[in-house]
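Below is one structure, written out as structure tokens; the observations come after it.
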Amino acid sequence: MQIQQLSVFVENKPGRLAEITEVLAAANIDIRAISVADTSDFGILRVIVDKPKEAIETLKEHGMTVSLTNVIAVGVSDHPGEFSRAVRLLADTGFDMEYMYAFISRDKGRAYVIIRTNNGQKAAETLQENGFDILSPETIYNM
Amino acid sequence: MFFQKEIETMKRPEIEALQLERLRRMVDYCYNNVPFYQERLSKAGITSGDKIKVLSDIQYIPFTTKDDIRDNYPFGLMAVPMKDIVRIHASSGTTGKPTVGVYTKADIDRWSDFVARIVTAAGVTAEDIIQISFGYGLFTGALGLHFGLEKVGATVIPASSGNSEKQLMMLRDFGVTGLVATPSYALYLGELVRESGYPKEAYGKLRHGILGSEGCTEEMRQRIEENLGINVTDNYGMTELTGPGVSGECEYRCGLHFAEDAFLPEIIDQDTLEHKAPGEAGELVVTTLMREGMPVLRYRTKDITRLNYEPCRCGRTHVRMDKVMGRTDDMLIIKGVNVFPSQIESVLVATEKVGPHYQLVVRKKNYMDNLEVKVELIDASLLESFGELEKVQRTIHDRLKSVLGLETKVTLVEPKSLERFQGKAKRVLDLRNQPEER
Ligand SMILES: [Zn+2]
């Protein structure tokens, strides 16, 4: 139940981020979720797209350093404490979260959180067993 | 294997006797044929070669510098009428006018011998097919190697530089056994070979890499050897002295054998101009002993190296110089510390996950020197976590600190974003006389 995310190395220079997303747009690839983490010199762009394989090809053709990673996408309903319950559950069952980011869904009252942990497959199962909605790759890619 | 065994294995006293005789003749030749030298030598009281009693008397001969050659541009140091000159070469000056070299027929013939000696020492024979990927034109590298290789009987492909796809195609299709190139271009071709999609066997005939015209660290050499499956030997020379062939490595790669019958080397302290003790590093000074077209007395090369007079295992007795450690003028002085780009390069080449290409940017920050080292990230597996990327940065920083004794700023940049050089690499950007960035 894991989905594929692209990580792209980005130098901190004006317009670089725009160039990368333009490369994706030109290949007719839709971005589902995006997150940028950066230091003063460089950043890592993390994106979930509808066609990850094609996206990685295109970016590589443009000379970029890209990798594919498995992450999990959790649907969280919009009431207080729901998200912290998920995080607590992962922590208590021994998963280390490397990073996470959220995006809002078109469905009212729901948000999605992308989580990267060690042992992602097991983490997804644990969340699912505890009543959380884990999104399938198809759901995300066809969103 | 030797090209001119009798000369290459002469005993030390015989070499020195020959050098003394030729030096005295060379002093007379310069005095009588080049007004510039006549004036210089007269001032120093050396009005004839007879004044030179022993080899060490060379210390009384004035030095010739790059500026002297430039001031006499283009033909002021020529010792024969132009009708006796059969070729003109020039090396691109990074500033101002090029350095011109003129050659008589005998000069070209001897030069080819010197090159033939070093390529033979490197293992090249008449069986070999050698691709010369140096830029042709005025540069001495390409034609110098070309004539020397032909003299050995090797098959020469004058590929010149550029159009790397075609370079690879020739390497495969012509069954090339040896490559002549600059180390940075060989490194680049090596990267392309890895990515070319052809199995390594397609380049399986490659054995020799005769690389020169710019510095190459041990680590860079290993990387080139791995990627291209070749054995790399270094050679040395410059237009001011003739071109490549002044010295070159034998199969044992323990120093570059000098063509001592034709070039007399000395090592001096670049500041006091005094001779260094044997085995000590300093600036290399060379006197041409046989050159007719443009003889040079005590030319200050600005290259820093050491000389080793022990005979080599290969049987050659001519003095061996170490790989050039740096240049007196590309040495950067940063916060009072001497920094050679080659030191930085050796750290980067030895670091996993980053590319071997780099750029050094020196600027002033708060009135202090600041060295930035830009290097390409090539391994995407590091993108999983910032921690990993920062660890690479920190590792490079720490290694540089221990090698240079200096704080640096290490910047990771995108792959292939730094310029690839096909000639002498220009990797230093010194902005210290520019206004500070705020
Ligand atoms: Zn030797």
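The values are calculated or read from the model by the stated rules, or taken from the named source; none is laboratory data. Computed from a prediction, not measured in an experiment: that's the story for all the values here. Backbone-built Cβ (ideal geometry, glycine too); neighbour counts: all protein chains shown. Surface accessibility is based on the protein's heavy atoms, side chains included, excluding ligands, DNA and RNA. Shrake-Rupley method; radii C 1.70, N 1.55, O 1.52, S 1.80 Å.
Summarising the strand pairing of chain B, around 65 percent of its internal DSSP beta bridges are antiparallel. Other protein chain C-beta atoms within 10 Å of residue C-beta, averaged over A:38-44: 5.
Helix B:183-195 and the longest principal axis of the Cα set of chain B meet at an angle near 40°. The value of relative contact order for the range A:70-141, using C-alpha pairs under 8 Å at least six residues apart, is 43 percent. Using the average count of surrounding beta-carbon atoms within 10 Å as a protection proxy, the listed peptides B:341-352, B:110-121, A:123-134, B:283-294 rank, highest first, as B:110-121, B:283-294, B:341-352, A:123-134. The alpha-carbon atoms of the range B:26-70, seen along their principal axes, cover 31, 20, 17 angstrom, with the largest extent given first.
Given the options B:14, B:414, B:384, which has the most mean-square fluctuation in a GNM of chain B, springs set between C-alpha atoms less than 10 angstrom apart? Residue with maximal mean-square fluctuation among B:14, B:414, B:384: B:384. For the peptides B:128-139, B:180-191, B:307-318, the ranking by mean Cβ contacts within 10 Å, running from highest to lowest, is B:180-191, B:128-139, B:307-318. Summing Lys and Arg as +1 and Asp and Glu as -1 over all other residues whose Cβ lies under 11 Å from the Cβ of residue B:130 gives a net charge of -2.
When the convex hull of its Cα atoms is viewed from all sides, chain A shows a mean projected area of 9.0 nm².
For B:173, B:269, A:78, B:330, the ranking by accessible surface with the largest value first comes to A:78, B:173, B:330, B:269, using a 1.4 Å probe. Its residue count N fixes a reference of 2.2 N^0.38 Å for the range B:1-100, and the Cα radius of gyration divided by that reference is 1.30. Mean separation of Cα pairs under 8 Å and 6 or more residues apart, divided by the residue count, gives chain B a relative contact order of 14 percent. Placing pseudo-labels 7 Å out from each Cα toward the beta carbon at residue B:192 and residue B:361 gives an inter-label distance of 2.8 nm.
For the protein assembly as shown, a crude dipole built from +1 on the beta carbon of Lys and Arg and -1 on the beta carbon of Asp and Glu, taken about the Cα centre, is about 960 debye to the nearest 20.
When the C-alpha to C-alpha distance is required to be over 30 Å, the pairs from B:43/B:66; B:11/B:51; B:66/B:416; A:60/B:335 that qualify are B:66/B:416; A:60/B:335.
The long axis of helix B:386-404 is offset from the longest Cα principal axis of chain B by roughly 20 degrees. Bridging of residue B:276 to aspartates and glutamates at a Cα separation below 18 Å is possible for B:57, B:266, B:303, B:310, B:322, once same-chain residues fewer than 8 apart are set aside.
Each DSSP beta bridge with both residues in the range B:332-430 is either parallel or antiparallel, and the antiparallel ones are about 60%.
The range B:105-195: percent of C-alpha pairs farther apart than 15 Å? It works out to 58 percent of all Cα pairs. Determine the distance separating the Cα centre of the range A:69-137 from the Cα centre of the range B:228-299; give it in Å without decimals. The range A:69-137 and the range B:228-299 have Cα centres spaced 68 Å from each other. Stokes-Einstein diffusion of the range B:282-438 at 20 °C, 1.002 mPa s viscosity, Kirkwood radius from Cα pairs, rounded to a whole number: 117 µm²/s. Annotation: Cα Rg of the protein assembly as shown relative to the compact-globule expectation 2.2 N^0.38 Å equals 1.23.
When you restrict to C-alpha pairs under 8 Å that are six or more residues apart and normalise by the size of the range B:332-430, the relative contact order lands at 32 percent. Just to be sure I follow the definition: excluding the sites themselves, where is the longest run in chain A that has none of the trypsin sites (Lys or Arg not before Pro) in a DSSP loop with at most 11 other Cβ atoms within 10 Å? My reading of the result: A:1-105 is the longest stretch. Any chance you could give the angle, 0 to 90 degrees and rounded to 10, that helix A:16-26 forms with the longest Cα principal axis of chain A? That works out to roughly 90 degrees. For the range A:3-69, the spread of Cα coordinates along the three principal axes comes to 30, 22, 17 Å, biggest extent given first. Peptide B:408-418 has a mean shielding of 4, counted as Cβ atoms of other protein chains within 10 Å of each residue's Cβ.
Between residue A:40 and residue A:22, full extension at 0.36 nm per residue minus the direct alpha carbon distance yields a gain of 4.2 nm. At an R0 of 60 angstrom, the distance between the Cβ atoms of residue B:51 and residue B:409 translates into a FRET efficiency of 0.60. Beta bridges from DSSP with both residues in the protein assembly as shown: antiparallel share about 75 percent, rounded to the nearest 5.
Counting Cβ atoms of other protein chains within 10 Å of each residue's Cβ and taking the mean over peptide B:380-390 gives 6. Taking 21 Å as the limit for the C-alpha separation, the pairs B:166/B:374; B:53/B:105; B:364/B:401; B:97/B:364; B:105/B:302 exceed it in the case of B:166/B:374; B:53/B:105; B:97/B:364; B:105/B:302.
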